[in-house]
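K.L.:
I'd like to ask some things about the structure below.
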Amino acid sequence: DNPEKTAATIRGNFYVTGDRALMDRDGYFWFVGRADDVIISSGYRIGPFEVESALIEHPAVVESAVVSSPDPIRGEVQFVQELPKTITGKIKRNILRDQEWGRI
């Protein structure tokens with residue numbers, strides 16, 4: 001629904017998805033996040049995927065989702081019983097973000 005934004009994703013014959021990945025020594029790509037999902041906090045660029053990966057390492061954490069918050073308290077953490085998910089089990093970050101920003 002946004003022709004300008006759609007046009008910005010085309011570079012030559014390529015469609016640029018916004019996904020960020022790293023390639024290891026063996027040539028495998030590892031997904032690290034999305035370019036449009038970066039959170040700026042106190043001037044630092046924070047990738048939600050990296051924070052989620054660190055949280056999930058803790059034995060008491062079953063799953064995690066990180067979204068930005070307009071709250072002036074830096075580093076706020078909220079614990080919830082369950083996360084909104086799609087039928088396939090992916091976390092609906094857009095719903096979390098909208099809830100956090102008071103849009104729902």
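Coordinate-derived values only; no laboratory data. A quick note: this is a predicted structure, and the numbers were derived from the prediction, not measured. In this analysis, Cβ positions are derived from the backbone assuming ideal geometry, glycine residues included, and neighbour counts consider all displayed protein chains.
K.L.:
Among GLU52, GLU76, GLU63, which one moves the most in a GNM of the chain with springs linking Cα atoms closer than 10 Å?
P.N.:
Checking each option, the largest mean-square fluctuation is seen for GLU76.
K.L.:
Once you keep just the Cα pairs under 8 angstrom separated by 6 or more residues, what percentage relative contact order results for the stretch 16-100? Walk me through the intermediate numbers first.
P.N.:
Numbers: 81 pairs, mean separation 14.3, N = 85.
Computed over the stretch 16-100, the figure is 17 percent.
K.L.:
Extension gain ASP19-GLU76, at 0.36 nm per residue separation less the Cα-Cα distance, in nm? Mind showing how you got there, number by number?
P.N.:
Values: separation 57, 0.36 × 57 = 20.52 nm, distance 2.62 nm.
My answer for the length gained is 17.9 nm.
K.L.:
Give the lysines reachable from LYS5 as a straight Cα distance under 23 Å; neighbours fewer than 8 places away on the same chain don't count.
P.N.:
Those lysines meeting the cut-off are LYS92.
K.L.:
Write out the chymotrypsin sites (Phe, Trp or Tyr not before Pro) in the stretch 45-104 meeting two conditions: DSSP loop, and at most 10 other Cβ atoms within 10 Å of their Cβ.
P.N.:
Details: sites: PHE49, PHE79, TRP101; in loops: PHE79, TRP101.
Answer in residue order: PHE79.
K.L.:
Something else: Once you place label points 7 Å from the Cα toward the Cβ at THR88 and ARG103, how far apart are they in nm?
P.N.:
2.2 nm
K.L.:
For ASP26 and VAL62, what is the calculated FRET efficiency with R₀ set at 30 Å and r taken between the beta-carbons, to the nearest 0.05?
P.N.:
On the way: r = 30 Å, r/R0 = 1.01.
So, using R0 = 30 Å, E works out to roughly 0.50.
K.L.:
Moving on. How would you rank SER69, SER41, going from fewest to most other Cβ atoms within 10 Å of each one's own Cβ? All intermediate terms of the calculation are to be shown ahead of the outcome.
P.N.:
Values: SER69 18, SER41 11.
Ordered by Cβ neighbours within 10 Å, fewest first: SER41, SER69.
K.L.:
Name the residues whose placed amide hydrogens come within less than 5 Å of the amide hydrogen of ASP19, ignoring near sequence neighbours (fewer than 5 apart) on the same chain.
P.N.:
ALA35
K.L.:
Kindly provide the trypsin sites (Lys or Arg not before Pro) of the stretch 18-86 that DSSP labels as loop, not H, G, I, E or B, and whose Cβ sees at most 13 other Cβ atoms within 10 Å. All intermediate terms of the calculation are to be shown ahead of the outcome.
P.N.:
Details: sites: ARG20, ARG25, ARG34, ARG45, ARG74, LYS85; in loops: ARG25, ARG74.
Qualifying residues, ordered by number: ARG25, ARG74.
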